[in-house]
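I have placed the structure first, in the form of C-alpha cells, so that the comments after it can refer back to it.
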Amino acid sequence: YLFYRVEAQTTIPTPGGWVLFIIQVWMEELANLQPEQISLVKTSINSMSEAVLEYKRLHAVKEILNAKY
C-alpha cells in the first residue's frame, strides 16, 4: 500500500512573547484519492531530480506509482 501524507504547520504568537507551533498530519491510502489528486502526486514525484529522490528515498515509490497509476 502507498499512503499520502499531508502536513500542515501553523505558528501562533502568544501575548507573552512565546510562539505556539502546531503540526497537523493526515494520512490517506493513495488508492482512496481522487484520480486528479493521484495525477498531481505522480506529476510531482516525476518532476523530482535524482538527487531529491535519493534524499527523500523515493525511488521505489516512484517506480510503484508509475507502474500502478
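What is the percent carbon and sulfur in the accessible area of the chain, measuring with a 1.4 Å probe over the protein chains and ignoring ligands?
On the chain, the fraction of accessible area on carbon and sulfur atoms equals 58 percent.
Measuring with a 1.4 Å probe in the full set of protein chains, what accessible area per residue, in whole Å², belongs to the chain?
Using a 1.4 Å probe on heavy atoms only, each residue of the chain averages 83 Å².
For the chain, run through the trypsin sites (Lys or Arg not before Pro) and keep only the ones in DSSP coil with at most 16 other Cβ atoms within 10 Å of their Cβ.
Here the trypsin sites (Lys or Arg not before Pro) that fit, given the DSSP loop and packing criteria, are Arg57.
Which net charge results for the neighbourhood of Arg5, defined as the other residues with beta-carbon distances under 14 angstrom from its beta-carbon, given Lys and Arg at +1 and Asp and Glu at -1?
Surrounding charge for Arg5 is -1.
The values are calculated or read from the model by the stated rules, or taken from the named source; none is laboratory data. The shown structure was predicted, so the numbers you read here are calculated from the model rather than taken from an experiment. Note: ideal-geometry Cβ built from the backbone for every residue, glycine included; neighbour counts use all protein chains shown. Quick note on the areas: whole protein, heavy atoms, side chains included, nothing else; ligands and nucleic acids left out. Shrake-Rupley method; radii C 1.70, N 1.55, O 1.52, S 1.80 Å.
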